[in-house]
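Only one structure is covered here, and it is reproduced in the block below.
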Amino acid sequence: MSPVPISQINTGHIDDVQELRKAKPTLVPERFVRDATERPTPCAVLDHDSYEVPIIDFSKLMKVDEDEGSWRAEILKLKRACQDWGFFQVVNHGIDLSLVEGIEEVAKEFFMLPLEEKQRYPMVAGTVQGYGQAFVFSEDQKLDWCNMFALGVEPQFIRNPKLWPKNPPKFSGTVDDYSREVRKLCQNLLNSIAITLGLKEGTFNEMFGVGVQAIRMNYYPPCSRPDLVLGLSPHSDGSALTVLQQGKGSSVGLQILKDTKWVSVQPVPNALVINIGDTLEVLTNGKYKSVEHRALTHKEKDRLSIVTFYAPSYEVEIGPLPEMVDEINHPCTYRRYNHGEYSKHYVTSKLQGKKTLDFAKIIN
Ligand code: OGA
Ligand code: NI
């Protein structure tokens, strides 16, 4: 999520979807209408309602000394979740409910501000921080039915203080407090994930250094034609781990690609959705894969999601860990590169499934 300004991008006019919805509730401009192959297909969703993303009890992962049996069982569940799904929900994550509710409140308040006020923090074309639509690079690119507000959080040098809103007054403090807790959660999960791979607990955290952390709030207003549009284009995340909070009372909207079918992630009260990003896929030589996901919209209900991306420090060299490679059964399928390079590549490419990961693949 480093801010990478690119000159000479012509995105054309990008409608603000909240304003569109307010002024012309039944209009969906052509630029949001997806080609037939990309549109949501309701029957695929219904057919696969029986698929449930695994639920992991984080408190059990943290209690190795007290209850070895239940810790071991949860580690095994985590291993299967990472291997078979790339997505899971964590309950008992230990983040104070007041913070979980607080971040939602300030995010909602921010999106409800008048457009002119939000536009004081513009997301410049080719960058990924501020208010607007990220990942738009040309006039003919289809647009997502979504407003985003994104900020670099850690380390300090990725922050752009001009983009941190003064209003709502509690916004910045809440983002800081929430992010501190989510960071700890990511680091703890990375320790547990290392264990599921038979690695030393601290492998990832030691390697990552001062991890890069960013937050993105996505607001999806209702859309009169949810069958024609996408809230967010299919993509995998460039992070190591992503933590996604679904707003209370929001419509169901997040879908993941499971066995070639789109499956909805049903919100579980006070749970956080975790997913494996491209960086862990490379480090594990493809044992744990980043999974393509997208967001849909709803005819009457709006939806809010608060997403944290956690990744290695930019200067860290990434490539499959030697323990994950054996020339006969698991040959190395990704090259080595600097994480900063990947990050730059990711934010300067449009969201298009897992295409950005081609950057790292060794093609034979
Ligand atoms: C993301 C993302 C999904 C959602 O921001 O990377 O996948 O449900 N969001 O908002
Ligand atoms: Ni995502």
Report the far tail of the P(r) of region 256-333, meaning the percent of Cα-Cα pairs longer than 22 Å.
44 percent
Rounded to whole Å², per residue accessible area for the chain with a 1.4 Å probe reads 44 Å²
Taking the chain as a Gaussian network, where each spring joins two C-alpha atoms under 10 Å apart, which residue of Gln255, Gln119, Gln129 fluctuates the most?
Gln119
Carbon/sulfur fraction of accessible area - region 145-203, other protein chains in place, 1.4 Å, %:
52 percent
Cross-link table Lys108/Lys344; Lys60/Lys261; Lys118/Lys162; Lys170/Lys299, entries beyond 22 Å C-alpha to C-alpha:
Lys108/Lys344; Lys60/Lys261; Lys170/Lys299
Suppose we keep just the alpha-carbon trace of region 174-259; what are its Rg and Dmax in angstrom?
16.5, 51
Starting from the Cα of Asp84, step 7 Å along the direction of its Cβ; do the same at Asn167; then give the gap between the two resulting points in nm.
5.1 nm
Accessible area of Glu116, 1.4 Å probe, to the nearest 10 Å²?
130 Å²
Whole-percent carbon and sulfur share, accessible surface of region 233-352, 1.4 Å:
53 percent
Check: C-alpha center region 201-255 vs C-alpha center region 101-174, spacing in Å is 14 Å
What figure in square angstrom, to the nearest 10, would you give for the accessible area of Thr11 with a 1.4 Å probe?
20 Å²
So how strong a dipole does the chain carry about its Cα centre when Lys and Arg Cβ are +1 and Asp and Glu Cβ are -1, to the nearest 20 debye?
660 debye
How large are Rg and Dmax for the chain when calculated on the C-alpha trace, in angstrom?
19.8, 61
Using a Förster radius of 35 Å, what is the FRET efficiency between Thr41 and Lys355 based on their Cβ-Cβ separation? Nearest 0.05, please.
0.95
If Ile363, Ile274, Ile195 are ordered by their accessible area, calculated over protein heavy atoms with a 1.4 Å probe, which sequence runs from highest to lowest?
Ile363, Ile195, Ile274
Report the FRET efficiency, 1/(1 + (r/R0)^6), for Glu315 and Val252, where r is their Cβ-Cβ distance and R0 is 45 Å, rounded to 0.05.
0.70
The set of residues whose placed amide H lies less than 5 Å from the amide H of Leu254, leaving out same-chain residues fewer than 5 positions away, is Val265, Leu296
Looking at Gln83, Pro267, Val106, which one has the Cα that reaches farthest to the positive end of the dipole of the chain (charges on Cβ: Lys, Arg +1; Asp, Glu -1)?
Val106
Selected from Cys332, Cys146, Cys82 as most flexible by GNM, with the chain as the system and alpha-carbon contacts under 10 Å:
Cys332
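The values are calculated or read from the model by the stated rules, or taken from the named source; none is laboratory data. Keep in mind that what you see is a predicted model, and the values were worked out from it rather than measured. Cβ: placed from backbone, ideal geometry, glycine included. Neighbour counts: every protein chain shown. Side chains included, ligands, DNA and RNA excluded: accessible areas come from the protein's heavy atoms. Shrake-Rupley method; radii C 1.70, N 1.55, O 1.52, S 1.80 Å.
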